[in-house]
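Chemist: Sharing a structure, written as structure tokens. Questions coming.
The values are calculated or read from the model by the stated rules, or taken from the named source; none is laboratory data. Everything numeric here is computed off the predicted structure, so don't read it as measured data. Cβ sites come from the backbone with ideal geometry, for glycine too, and all protein chains shown count toward neighbours. Each accessible area value is taken on the protein alone, full model and side chains, heavy atoms only, with ligands, DNA and RNA left out. Shrake-Rupley method; radii C 1.70, N 1.55, O 1.52, S 1.80 Å.
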Amino acid sequence: MSSPRVAVLGAGKVGTVLARLAVAAGRPTAIAGSGDPSALGLIVDVLAPGAVPMTAADAAGQADIVLVAVPLARLDSVPASALRGKIVIDVMNYWPPVDGVLPLWESATPSSSEIVRDVLGVDVVKSFNHMGYHELDAWTRPSGDPDRRALAVAGDDPAAVEVVAELVDAMGFDPVLLAPLSAGRVLQPGSSDIFGANLTRAELLSTLDNLGVAPAAACP
């Protein structure tokens with residue numbers, strides 16, 4: 001069976017790291033920026049060698065898994081129609097210094113990923129958002145390494161969450177499953193000590209327990 005095809009929408013610091021990790025995990029990977037794909041050639045060759053620059057619509061259309069890594073202020077640039085039938089991973093955070101103040105996210109009651117889901121009109125899984133791009137790059141480790149870090153995976157669809165957990169594992173991190181999608185609120189900036197902390201699986205589980213949040217299922 002061939003590996004699931006990955007598309008990364010967003011060719012900034014986070015997007016290029018995720019594309020590089022996906023390629024290293026053996027996933028056929030496309031990456032899209034905001035402009036002409038040909039302009040991404042040098043960036044991709046240096047920062048994500050092996051990824052294929054495409055338009056966002058083409059990258060999403062040919063993928064099985066789509067990681068959305070654009071500034072939330074530009075969420076409306078994402079080709080939502082191309083996401084239908086895909087497993088969509090929201091790796092974004094509401095960050096006013098970068099995004100500006102966005103009324104839809106400012107003091108919102110739903111989690112940020114629930115808003116992303118509603119704006120895009122597709123189910124999403126939240127992951128890869130609570131570690132910085134430097135840390136994502138630095139802390140990838142093989143399965144079983146005692147120094148391996150953990151990434152939470154929150155979503156409403158158990159099958160989609162499992163697929164994302166497999167990708168997280170392949171990209172060098174221990175997945176910890178959460179449900180429903182709204183449980184991902186604890187992964188957001190300012191919501192808990194999880195955001196910005198590079199935790200092992202045991203440390204993440206302990207922190208979630210202290211917050212009263214139970215993992216959805218046992219993870220490999």
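Chemist: Write out the GluC sites (Glu not before Pro) in segment 98-182 meeting two conditions: DSSP loop, and at most 12 other Cβ atoms within 10 Å of their Cβ.
Modeler: On the way: sites: 106, 114, 135, 162, 166; in loops: 106.
Those satisfying the criteria are 106.
Chemist: Looking at segment 31-173 only, what percent of DSSP beta bridges run antiparallel? Nearest 5 please. Please report the intermediate quantities before stating the final value.
Modeler: Working: 1 of 9 bridges.
Bridges in segment 31-173 that DSSP calls antiparallel: roughly 10 percent.
Chemist: Same structure again: Mind giving me the FRET efficiency for residue 166 and residue 107? R0 is 35 Å, r the Cβ-Cβ distance, nearest 0.05 is fine. Each step should come with its number before you reach the end.
Modeler: On the way: r = 35 Å, r/R0 = 1.01.
The calculated FRET efficiency here is 0.50.
Chemist: Going by Cα centres, segment 171-204 and segment 22-68 are how many Å apart?
Modeler: If we compute the Cα centre of each part, the gap is 26 Å.
Chemist: With every protein chain present, what is the per residue accessible area of segment 68-142 (1.4 Å probe, Å²)?
Modeler: Numbers: 3370 Å² over 75 residues.
Each residue of segment 68-142 exposes 45 Å² on average to a 1.4 Å probe.
Chemist: Can I ask one more? Taking all protein chains in place and a 1.4 Å probe, what share, in percent, of the accessible surface of the chain do carbon and sulfur account for? List each step's numbers first, then the result.
Modeler: Numbers: 5350 of 9580 Å².
Exposed carbon and sulfur together represent 56 percent of the surface.
Chemist: How far is the Cα center of segment 98-143 from the Cα center of segment 146-168, in Å?
Modeler: So the separation of the two Cα centres works out to 14 Å.
Chemist: What's the extension gain from residue 45 to residue 77 if we count 0.36 nm per residue and subtract their Cα-Cα distance? It would help to have the intermediate numbers written out before the result.
Modeler: Values: separation 32, 0.36 × 32 = 11.52 nm, distance 2.43 nm.
9.1 nm is the gain from fully extending residue 45 to residue 77.
Chemist: Shifting gears a bit: Run the quick spin-label model on residue 98 and residue 118: label points 7 Å from Cα toward the beta carbon, then report their separation in nm to one decimal.
Modeler: In this crude label model, residue 98 to residue 118 measures out at 2.3 nm.
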